[in-house]
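Participant: The structure under discussion is supplied below as structure tokens; questions concerning it will follow.
The values are calculated or read from the model by the stated rules, or taken from the named source; none is laboratory data. Note that the coordinates shown come from a computational prediction; the quantities given were computed from them, not determined experimentally. Cβ atoms come from the backbone with ideal geometry, glycine included; neighbour counts cover every protein chain shown. Side chains included, ligands, DNA and RNA excluded: accessible areas come from the protein's heavy atoms. Shrake-Rupley method; radii C 1.70, N 1.55, O 1.52, S 1.80 Å.
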Amino acid sequence: MATTSDTSGDALPARAGHKAFSLGRIWTIATSTLTQLARMKVFYFLVVFVILLCIAGFLFIELSYEQELKILKDVAFGSMSLFSIILAIVGTAILIPRDVEDRTLYTILSKPVPRYEYLIGKLLGVLLLIGISLLVMDAIFTGILYLRQNMLIAEQISFLQADGATEADIASVRALVEEHGARWGLQGAVFSIFLKAAVLASLSLLLSTFATSTLFTIVVGFAVFFIGHGQGLARDYFLKGAFTGPIEKLVTVALAIVFPDLQLFSLVDGVVSGDDIPGGVLLKVTGIAALYIVIYNLAAHFVFAEKEL
Amino acid sequence: MSESPQPAVSIDHVSKVFPLPFKKGKGLLAVDDISIHMAPGEVYGLIGPNGSGKSTTMKILLGLIAPTEGGSQIFGKDSHRVDSKHEVGFLPENPYFYKHLSGIETLRFYGRLCGMGKAEIRDRAEELLDLVELQGARDRRLGGYSKGMLQRIGLAQALIHRPRLLVLDEPTAGVDPVGSRKIRDLILKLRDEKITVFLCSHLLEQVQEICDRVGIIFRGQLVREGFLEELISVEDQTEILLRDATPEVLDKVRALIAAEGTDLVSVGKPKTTLERLFLEHAAADRKNN
Amino acid sequence: MRSRKQILIALAIISVAGIIRLPVEAKLEAEIRGLHFREGAPDLALRDQLSQMQFVAALGGFRSLVASGLDIRTYLTLADKDWGELEALSNLTTTLQPRVEKYWDMASWHMAFNATSHYQNNVPDSEIRLAIRNQLVSSYTDKGKAFLKKGLTYLPDSGELHLALANLYRSKDPNPPEAAKHFRRAFECKGNPPLERAYAHELVKCSEPERWQTAYDILKRYYDQGERSRTPSGIRDLKVLEERLNIPFPLRIREQAPTPRR
């Protein structure tokens, strides 16, 4: 007969000491969240992504090579942004309610798992999914962009050769097209998309710790997304201090302080135009994203630690 | 003189008031000054109707809800501390777990949460899958499990880290008689291994079969508590069962009772239960096939 | 109530952090804008010109994508020859992304060349009076120039835009001093020798002797580089300048002035 335990009620078994913080527990929750979300057929979006890129990349209408490559980059980054934003807000919003509904939350928290580790693990799982998805999309996009760029270079070279251009002219045109095509600087844009999604996911997790429904979290999440893109205006207004009334001041203060400035992470446009994100800027933006993630997680911990389940 | 062993569970004067929205100062009294102590190795049943406070009491013990007053301990440790969870395993009511995980993956998941090593989880998972008779479904996703199978894998995850206390909320609710019998047999096996079991149920017959002590809860108050035998014994009556008694023997017994001035309450054939009848047929069916 | 208290604590954490991060973020945003890396949040004035979905998308960080979408629409509108719509779309794309050189270039091209060519060549006399035709051609040429000039305020070092404006001043609205100025800027930005020669050719058309001298110095320099750098127009203008500047005969180039085509 299989036994369950060799312990009697009095004899204490030798147990490993309890760890107040365990990366192993966090990783366990993160990987299970990753597989849980991945099975929600999110990767069908990748198929749509590839189709969109093929359409955008091979429009074959009479545009200049700069315009053609710009459109391809815009569609790719726009799709990556949209996908990661939706996953960050909606994917995160359903996590805690789903665990409550399935009673899984009780079985997890009745194990020696601190509530803050549960939250961190859930967030890490979402970020893993967003990160992996962006990497895959980036790889597909870079491949298509490279292919299209080379087709355009070949086209330009054939025009030049028909006009009797020199090797130097051909090299110059090749360099010009490559400047608008696949280059390492584009990865900075992908990273900035990830940072924005990470901030939104942290915010969504915070909202879900006290929200009364998943829909509330999603609606407020998207509202904050849009307000956050205009937050910079409120901030500049507040810092200038030129108010016409107390209500105006209060609203401006609230907007500037409470809402995140998501415009800081909107660095795709510059990259599409041909500039690389300066290293110093990228580092600072990463630091600010990390700050937002820590703040939102801390706030979520305070709410969730006392939440009655 | 030996000291009495440390109680497995101590719930001391616990009350819980759920605040009502928009009604400051007023609240819903879900648990009202409940005290329960369980000895190690005991099977304790908390019974009461729906909404009586059974689940709330359980969740307070597990640290899922904070009490308004009072406190609770598990083997001497404050039950709201995370480290006390090493001693307890919980199976909630109607659990679904992560549908995308298989049986073995579920056990691995919970084992890792308890800080167990790979080899330890592997061995323990095999042991538990044998115990709950789910070896055949170990690689099937939980989304394809029946209710009874979910309850059994739920028991297995609750036991993965060898806890000394098991808390079960309605362990047989919604499960068919065969599955229900398996779960009850498992609980009895656990009792034999000196694991303390705290269960709550509104299926009174099942509680009667397995519990040592029972607490009856109504509207958040513990109205009665004690050992099962004492609680259900009809103090002033005695039962004698006879096999193959002839009518003459019965007449002699009646005469003796009358002579002693004792009341004869009833005479008749003892009844089996529908459940036993069902199980006998199920066993016969398995044997034939 | 406990949960309300916890939510207030959470709000307090966010607010305190918000106060601390305000100046940090303002500084970073200023740095990003200073580098001309991207535009800020779209102006409310844009709200009237964009559809709701376009404005929301632009607000949500999809500005470049919206601009690309409008750019495709511009191309499709070209087929309809709806120059008013084309102008409006060009205004939008350049407002959304003022640092994309190509948008200014194409806007100017559509106005100064496509639109003017349409009114000059495709609209029969029966449909349009000559005065109106001339007025439209002049107006669209001016619109083309205006786009380039505005573009140059955002991209003062854009060789492409200077070149486009120089070409406009050379062919569409002859103004040799302006053409020369922009050919010179284009050469400074791009470094292509043909651009420096174009600069010189425009200087020849001017009336100031000091400009002729500059033109002569440039064209002579190219001439002296050898056979491969000598062009028919370069030789022609050198001969003209040799006369204007009274260059001593021993220093003149050996070629004869090319015979003008009849």
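Participant: Do you know which residues across the range C:221-235 are over 30 Å from the mean Cα position of the chain (by Cα) and part of a helix (DSSP H, G or I)? It would help to see each step written out before you state the result.
Facilitator: Residues of the range C:221-235 that are over 30 Å from the mean Cα position of the chain (by Cα), as a first pass: C:223-228, C:235.
Once the filter is applied, which keeps residues that are over 30 Å from the mean Cα position of the chain (by Cα) and part of a helix (DSSP H, G or I), the range C:221-235 yields C:Tyr223, C:Asp224, C:Gln225, C:Glu227, C:Arg228, C:Ile235.
Participant: Quick check on B:Leu46: is it closer than 23 Å to B:Ile195 by Cα, open to solvent by less than 10 Å² (accessible area, probe 1.4 Å), within 12 Å of another protein chain (Cβ to nearest Cβ) and of a type outside the set (Asp, Glu)? Full working, then the answer.
Facilitator: On the way: closer than 23 Å to B:Ile195 by Cα: yes; open to solvent by less than 10 Å² (accessible area, probe 1.4 Å): yes; within 12 Å of another protein chain (Cβ to nearest Cβ): no; of a type outside the set (Asp, Glu): yes.
No; evaluated as a whole, the condition is false for this residue.
Participant: When only residues in the range A:279-294 that are hydrophobic (A, V, I, L, M, F, W, C) and open to solvent by less than 20 Å² (accessible area, probe 1.4 Å) count, which is farthest from the other protein chains (Cβ to nearest Cβ)?
Facilitator: To start, the set of residues in the range A:279-294 that are hydrophobic (A, V, I, L, M, F, W, C) comprises A:281-283, A:285, A:288-291, A:293-294.
Filter once more, so that each one left must be open to solvent by less than 20 Å² (accessible area, probe 1.4 Å): A:281, A:285, A:288-289.
Working: A:Val281: 6, A:Val285: 7, A:Ile288: 7, A:Ala289: 11 Å.
For the range A:279-294, the residue satisfying everything is A:Ala289.
Participant: State yes or no: is A:Val258 out of contact with any helix residue (DSSP H, G or I) (no Cβ under 7 Å at 6 or more places or on another chain), of a type in the set (Val, Ile, Thr) and closer than 23 Å to C:Leu11 by Cβ? Can you show your working first?
Facilitator: Values: out of contact with any helix residue (DSSP H, G or I) (no Cβ under 7 Å at 6 or more places or on another chain): no; of a type in the set (Val, Ile, Thr): yes; closer than 23 Å to C:Leu11 by Cβ: yes.
Against the criterion (out of contact with any helix residue (DSSP H, G or I) (no Cβ under 7 Å at 6 or more places or on another chain), of a type in the set (Val, Ile, Thr) and closer than 23 Å to C:Leu11 by Cβ), A:Val258 does not qualify.
Participant: Does the range C:1-13 hold any residues that are at the interface with chain A (Cβ under 7 Å from one of its Cβ atoms) and open to solvent by 20 Å² or more (accessible area, probe 1.4 Å), and which are they?
Facilitator: Kept after step one, since they are at the interface with chain A (Cβ under 7 Å from one of its Cβ atoms), are these residues of the range C:1-13: C:2-3, C:6-7, C:9-10, C:13.
Matches in the range C:1-13: C:Arg2, C:Ser3, C:Ile7, C:Ile9, C:Ile13.
Participant: Would a scan of the range C:252-260 turn up a residue that is assigned to a helix (DSSP H, G or I) and without any contact (Cβ under 8 Å) to a residue 24 or more places away in the chain?
Facilitator: No, the range C:252-260 has no match at all.
Participant: Which residue, of A:Glu308, A:Glu248, is more than 10 Å from chain C (Cβ to nearest Cβ) and surrounded by fewer than 17 Cβ atoms within 10 Å (Cβ to Cβ)?
Facilitator: Numbers: A:Glu308 fails: more than 10 Å from chain C (Cβ to nearest Cβ).
From the options A:Glu308, A:Glu248, the qualifying one is A:Glu248.
Participant: Sticking with this one: May I ask you to say which residue of C:Val24, C:Val16 is touching a Leu at 6+ places or on another chain (Cβ under 9 Å) and open to solvent by 60 Å² or more (accessible area, probe 1.4 Å)? Don't jump to the end; show me each part of the working.
Facilitator: Numbers: C:Val16 fails: touching a Leu at 6+ places or on another chain (Cβ under 9 Å).
Result: C:Val24 is the single residue among C:Val24, C:Val16 that is touching a Leu at 6+ places or on another chain (Cβ under 9 Å) and open to solvent by 60 Å² or more (accessible area, probe 1.4 Å).
Participant: In addition: Can you confirm whether the range B:122-138 contains a residue that is at the interface with chain A (Cβ under 8 Å from one of its Cβ atoms), surrounded by fewer than 22 Cβ atoms within 10 Å (Cβ to Cβ) and part of a loop (DSSP other than H, G, I, E, B)?
Facilitator: No.
Participant: Right, here's the next one. Please report, ordered by residue number, the helices (runs of 4 or more DSSP H) entirely within the range A:47-153 with at least 1 residues that are within 30 Å of C:Thr74 (Cα to Cα) and away from chain B (no Cβ under 14 Å).
Facilitator: On the way: elements: A:65-86, A:95-101, A:104-109.
Passing ranges, in order: A:65-86.
Participant: Filter the range B:74-106 down to the residues that are part of a loop (DSSP other than H, G, I, E, B), more than 7 Å from chain A (Cβ to nearest Cβ) and among the polar types (S, T, N, Q) and list them by number.
Facilitator: B:Ser79
Participant: Being modelled with pLDDT under 80 and within 11 Å of chain C (Cβ to nearest Cβ) is the requirement here; does A:Lys240 meet it? I'd like the intermediate steps shown before the answer.
Facilitator: Details: modelled with pLDDT under 80: yes; within 11 Å of chain C (Cβ to nearest Cβ): yes.
Against the criterion (modelled with pLDDT under 80 and within 11 Å of chain C (Cβ to nearest Cβ)), A:Lys240 qualifies.
Participant: Evaluate the range A:213-227: report whether one residue or more is part of a loop (DSSP other than H, G, I, E, B) and more than 30 Å from A:Ala139 (Cβ to Cβ). Full working, then the answer.
Facilitator: Let us first name the residues in the range A:213-227 that are part of a loop (DSSP other than H, G, I, E, B), namely A:213.
From the residues that got through so far, the ones that are more than 30 Å from A:Ala139 (Cβ to Cβ) too are A:213.
Yes, the conditions are met somewhere in the range A:213-227.
Participant: Restricting attention to the range A:103-122, which residues are over 20 Å from B:Met116 (Cβ atoms) and either open to solvent by less than 10 Å² (accessible area, probe 1.4 Å) or in contact with a strand residue (DSSP E or B) (Cβ under 6 Å, 6 or more places away or on another chain) (or both)?
Facilitator: If the condition is that a residue be over 20 Å from B:Met116 (Cβ atoms) and either open to solvent by less than 10 Å² (accessible area, probe 1.4 Å) or in contact with a strand residue (DSSP E or B) (Cβ under 6 Å, 6 or more places away or on another chain) (or both), then A:Leu105, A:Leu119, A:Lys122 are the ones that fit.
Participant: Something else now. Report every pair of residues separated by at least 6 positions or lying on different chains whose Cβ atoms are under 9 Å apart, first residue within the range C:69-89 and open to solvent by 50 Å² or more (accessible area, probe 1.4 Å), second hydrophobic (A, V, I, L, M, F, W, C).
Facilitator: C:Arg73/C:Leu89; C:Tyr75/A:Ile61; C:Tyr75/A:Leu63; C:Tyr75/C:Met106; C:Leu76/A:Ile61; C:Asp80/C:Leu86; C:Lys81/C:Ala115
Participant: Now for a separate question. Does any residue of the range B:170-187 turn out to be crowded, with 23+ Cβ neighbours inside 10 Å, more than 9 Å from chain A (Cβ to nearest Cβ) and within 23 Å of A:Ile29 (Cβ to Cβ)?
Facilitator: No, that holds for no residue.
Participant: Just checking, does the range A:268-278 include any residue being assigned to a helix (DSSP H, G or I), open to solvent by 50 Å² or more (accessible area, probe 1.4 Å) and over 13 Å from C:Glu29 (Cβ atoms)? First the steps, then the outcome.
Facilitator: Just the residues of the range A:268-278 that are assigned to a helix (DSSP H, G or I), to begin with: A:268-272.
With the extra rule that they be open to solvent by 50 Å² or more (accessible area, probe 1.4 Å), the set shrinks to none.
Checked the range A:268-278: no residue is assigned to a helix (DSSP H, G or I), open to solvent by 50 Å² or more (accessible area, probe 1.4 Å) and over 13 Å from C:Glu29 (Cβ atoms).
Participant: Scan the range C:16-56 residue by residue and report those that are among the aliphatic types (A, V, I, L, M) and more than 8 Å from every other protein chain (Cβ to nearest Cβ).
Facilitator: Just the residues of the range C:16-56 that are among the aliphatic types (A, V, I, L, M), to begin with: C:16-17, C:19-20, C:22, C:24, C:26, C:28, C:30, C:32, C:35, C:41, C:44-46, C:50, C:53, C:56.
Hits for the range C:16-56 are C:Val16, C:Ile20, C:Ala30, C:Leu44, C:Ala45, C:Leu46, C:Leu50, C:Met53.
Participant: Where the second residue is surrounded by fewer than 20 Cβ atoms within 10 Å (Cβ to Cβ) and among the hydrophobic types (A, V, I, L, M, F, W, C) and the first is farther than 15 Å from B:Tyr98 by Cβ and lies in the range A:90-115, which pairs have Cβ atoms under 6 Å and are six or more apart or on separate chains?
Facilitator: A:Pro112/B:Val82; A:Pro114/B:Val82; A:Arg115/A:Ala305
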